[in-house]
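The values are calculated or read from the model by the stated rules, or taken from the named source; none is laboratory data. Owing to the predicted nature of the structure, the values given are computational and were not obtained by experimental measurement. Positions of Cβ are backbone-derived with ideal geometry, glycine not excepted, and every protein chain shown enters the neighbour counts. In case anyone asks, the SASA skips ligands and DNA or RNA and just uses the protein heavy atoms, side chains included. Shrake-Rupley method; radii C 1.70, N 1.55, O 1.52, S 1.80 Å.
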Amino acid sequence: MSLVLQSIHKQWSNLIAKAKEDKWNKFGAQAAEANQFYQSDDAHFMFARNSPLTSGLRVNSPSGASSGDPNSSGLSFEATANLTANVVSVFLPVLYHKNPNRVLRPRTPSVPKGLIAAYKQAVLNEMMGSLQQQVAMNPALQMDPGLQQAAMQLQQQSMQLQMSQAQAGPTKQELEDKIRAFLIEAYLNYTPGEMNLKGSSRDSIIEGIVKGLGLLWVTVNKSTGRSIACLEYDSVDHLLMDPDAERMEDAKWLARRRKRPVGEVERECEVPPGTLHPTDQSSEAEAEASTMDDIDREFEAAAGDTSDLVVYWEVFSRMGVGGRLHGFADNEDADVLEKLESYGDNVYLAICPTHEYPLNIPQEVAENPELDDQEVAVRLEWPIPVYNRPKNPWPMAPLAFRKVSRQAWPMSYVHPALGYQKCINWILSFLMARIKLVSRAMLLVPDGLEDDVYDAILHGSDLTLIKIKSQHPQAFERFMEIVKMPEETGNIWTLLQQLKREWEDATGVTELNMSARTDTQMRSAAEADLKGKVLQVRPDDMANEVDSWMSEAAELEAIAARYLLRAEDVAPIFGEEVPAPADMGGDFGAVPQYGELTQLWVQLVQSDDVAKIVSEYEYTVEAGSARKPNKTQQVQNIDESGALVVPLFTQLWQQTGDPSKFNSFIEQ
């Protein structure tokens with residue numbers, strides 16, 4: 001088993017290296033470029049690669065060439081207009097203003113009971129009509145005992161159906177479904193505020209806009225002393241996936257890069273302290289050498305200053321332990337391959353480039369002669385088994401605004417506009433240099449003037465008297481002449497404005513979005529309303545994507561909560577006490593008594609059947625509940641509905657003397 005695990009570890013390490021290169025070619029290069037435009041304090045990286053950043057306006061030598069720098073751009077000024085940051089500033093508050101309200105809907109079809117009862121009654125009537133028709137055609141059948149018994153049974157069934165319809169009430173299953181939905185909703189609407197879902201979501205949305213893909217991972221937080229299933233942000237820089245997949249949901253494996261303290265990983269893998277060794281800077285830099293640029297590699301290979309860190313890849317495989325990897329079966333016998341297949345398709349591995357064994361089955365465990373298949377199977381289980389979800393079988397919710405056909409990796413939202421961004425930066429840099437040039441003051445004066453005249457010209461105050469000795473009438477005309485440089489043409493400013501408009505069209509960030517102003521006066525209220533509706537098309541579409549993303553994330557969180565959390569974890573959420581272990585005088589079988597809601601959670605919600613958890617409910621968010629409310633539109637809706645409803649409620653109040661309906665409308 002030990003040699004097999006080493007071979008599997010090597011195969012996965014090689015596949016991870018290939019996935020890095022595939023990601024860089026399809027996604028990473030453009031994501032890194034867009035992120036540099038977004039977060040760098042100037043655009044010098046655009047002009048000269050791998051140079052230190054300074055400020056929003058970089059000033060070089062007068063000639064533009066830095067001494068001895070072969071990468072110099074040749075510009076006196078290197079200016080940038082950070083339009084990429086404008087995209088985030090405009091869309092982020094619109095897409096996620098507050099935590100959404102999560103709701104549950106049963107996936108089972110809700111057919112009205114009256115419709116079902118009417119159908120059953122129609123079937124009985126048809127059968128009774130058929131019996132009556134047979135008797136009418138053959139009166140002798142009236143004495144047939146079998147026919148009489150059938151008629152009586154039909155009459156009894158009809159009466160029972162009518163009685164059950166009259167006394168219809170919710171069934172036990174329906175009541176359990178409502179209680180279960182209430183408890184899960186209460187949990188799902190508790191964690192966003194407690195675990196800072198807003199901060200994690202906004203970080204993910206920023207990456208979704210700038211880099212092209214934002215991620216929320218489902219996890220179990222134990223920092224409070226109890227387990228809380230929640231969502232956490234992690235950069236898309238730490239994600240790899242199957243290079244052969246054309247869609248993310250069809251990928252056979254996915255990997256997440258982790259950097260954690262060694263002690264935490266050892267406790268999680270249930271191995272003695274000292275089993276795992278930390279990943280130092282030099283060894284990781286060598287192991288991680290890939291297509292990443294120098295800045296990213298330096299950041300990723302940084303060693304921990306507080307505690308020893310280990311860097312590894314969490315591999316979520318849907319193709320087994322590794323027996324199906326390309327080339328692996330050629331070097332192993334049939335018994336080994338059969339053994340690997342026995343662990344199933346869905347397998348979790350922790351692959352560290354500086355170790356020879358998976359971290360979840362380290363060398364000390366693999367070489368243990370008492371190691372059995374059951375322990376190996378447990379160590380290979382996914383932490384949260386979400387692989388049965390057909391729409392997204394991974395333990396994270398992805399957000400992408402620009403998807404690419406036949407490619408699992410999406411496109412950066414701002415990537416189509418970066419060409420305009422680069423042109424604008426170049427033009428601004430040339431204009432700055434040109435303005436410096438034409439703003440110079442050059443004076444032509446005749447040689448031989450007195451020194452005090454030169455001094456007065458160069459250093460004189462606002463009002464200076466200059467005496468000259470010449471009496472010639474043309475002396476003043478030849479005394480001094482100002483040389484003016486030709487000013488820049490207006491065409492370059494026109495081109496700059498046109499590029500700005502092209503950039504706005506590519507990103508959807510217009511002047512009206514940013515400042516509610518336009519260069520042209522609107523001629524009517526209808527025109528203003530039309531422009532307002534057109535401006536909302538793209539934000540509305542992006543908001544719908546965010547709502548779907550939040551719904552998917554809520555489902556992941558609900559699966560983790562129902563699968564992993566126990567009574568002591570959820571009791572505080574429902575405001576109930578966690579009882580101390582009962583002192584039963586040596587009765588070790590005594591069970592602590594939890595509150596009523598906690599007991600219902602254990603009975604109705606807690607489940608280890610993930611397929612049932614997924615199929616029972618549809619986890620969604622209220623449409624638009626995360627967006628910033630349009631108060632003007634809300635007031636308009638209230639005015640329009642109030643004009644119709646208030647008179648009716650007022651009349652009902654006067655007739656019955658009960659103002660509750662009117663008060664309820666006002667409160668809503």
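For region 488-510, check the following and say yes or no: at least one residue is modelled with pLDDT under 60 and surrounded by fewer than 15 Cβ atoms within 10 Å (Cβ to Cβ). The answer is no, given that none of the residues of region 488-510 is modelled with pLDDT under 60 and surrounded by fewer than 15 Cβ atoms within 10 Å (Cβ to Cβ).
Is it true that residue 555 is part of a helix (DSSP H, G or I), touching a Pro at 6+ places or on another chain (Cβ under 9 Å) and at pLDDT 90 or above?
Values: part of a helix (DSSP H, G or I): yes; touching a Pro at 6+ places or on another chain (Cβ under 9 Å): no; at pLDDT 90 or above: yes.
Here the answer is no, as residue 555 does not meet what is asked.
Only residues that are touching a residue at least 24 places away in the same chain (Cβ under 8 Å) and assigned to a loop (DSSP other than H, G, I, E, B) were counted across region 364-398, and they come to 18. Counting only helices (runs of 4 or more DSSP H) that sit wholly inside region 167-243, those with at least 3 residues that are in contact with a strand residue (DSSP E or B) (Cβ under 6 Å, 6 or more places away or on another chain) and surrounded by 20 or more Cβ atoms within 10 Å (Cβ to Cβ) are 197-210.
Tell me the residue from 287, 397 that is at pLDDT 65 or above and either over 30 Å from residue 616 (Cβ atoms) or open to solvent by less than 70 Å² (accessible area, probe 1.4 Å) (or both), please. I'd like the intermediate steps shown before the answer.
Numbers: 287 fails: at pLDDT 65 or above.
Just a single option satisfies the conditions, and that option is 397.
Can you list residue pairs whose Cβ atoms sit under 8 Å apart, with the first residue in region 241-265 being under 13 Å from residue 349 (Cα atoms) and free of Cβ contacts under 8 Å to residues at least 40 places away in the same chain and the second being assigned to a helix (DSSP H, G or I) and open to solvent by 10 Å² or more (accessible area, probe 1.4 Å)? Count only pairs 6 or more apart in sequence or on different chains. Cβ pairs passing all conditions: none. Scan region 76-122 for residues that are at pLDDT 75 or above, basic (Lys, Arg) and over 38 Å from the mean Cα position of the chain (by Cα) and the total you get is 1. When residue 379 is tested against (1) open to solvent by less than 50 Å² (accessible area, probe 1.4 Å); (2) among the basic types (Lys, Arg); (3) within 30 Å of residue 499 (Cβ to Cβ), only condition (3) is not met. How many of the residues in region 244-275 are at pLDDT 90 or above and either among the hydrophobic types (A, V, I, L, M, F, W, C) or in a helix (DSSP H, G or I) (or both)? Number satisfying all stated conditions: 8.
Identify, from the list 404, 414, the residue that is within 30 Å of residue 320 (Cα to Cα) and at pLDDT 90 or above. Spell out how you get there, then give the answer.
Numbers: 414 fails: within 30 Å of residue 320 (Cα to Cα).
Of 404, 414, the one residue that is within 30 Å of residue 320 (Cα to Cα) and at pLDDT 90 or above is 404.
Considering only residues in region 594-612 that are farther than 24 Å from residue 578 by Cβ and in contact (Cβ under 8 Å) with a residue 24 or more places away in the chain, the one that is most open to solvent (accessible area, probe 1.4 Å) turns out to be 611. Residues of region 89-108 that are over 16 Å from residue 200 (Cβ atoms) and open to solvent by less than 10 Å² (accessible area, probe 1.4 Å): 91 alone.
Looking only at region 349-363, which residues are open to solvent by 20 Å² or more (accessible area, probe 1.4 Å) and either closer than 18 Å to residue 267 by Cα or part of a helix (DSSP H, G or I) (or both)?
At the first step, the residues of region 349-363 found to be open to solvent by 20 Å² or more (accessible area, probe 1.4 Å) are 353-356, 363.
355, 363 - these are the residues of region 349-363 that are open to solvent by 20 Å² or more (accessible area, probe 1.4 Å) and either closer than 18 Å to residue 267 by Cα or part of a helix (DSSP H, G or I) (or both).
Residues in region 126-135 that are open to solvent by less than 80 Å² (accessible area, probe 1.4 Å) and modelled with pLDDT of 75 or more: 128, 129, 130. Annotation: residue 531 fulfils all but one of (1) at pLDDT 90 or above; (2) surrounded by fewer than 21 Cβ atoms within 10 Å (Cβ to Cβ); the unmet one is (1).
Considering region 437-462, the residues that are more than 20 Å from residue 495 (Cβ to Cβ) and under 60 Å from the mean Cα position of the chain (by Cα) include one that is least open to solvent (accessible area, probe 1.4 Å), namely 442.
Considering region 405-431, the residues that are in contact with a helix residue (DSSP H, G or I) (Cβ under 9 Å, 6 or more places away or on another chain) and free of Cβ contacts under 8 Å to residues at least 12 places away in the same chain include one that is nearest to residue 615 (Cα to Cα), namely 419. Whenever a residue of region 553-571 is at positive phi and open to solvent by 10 Å² or more (accessible area, probe 1.4 Å), it has no partner that is part of a helix (DSSP H, G or I) and polar (S, T, N, Q) lying with C-beta atoms less than 7 angstrom away and at least six residues away or across chains.
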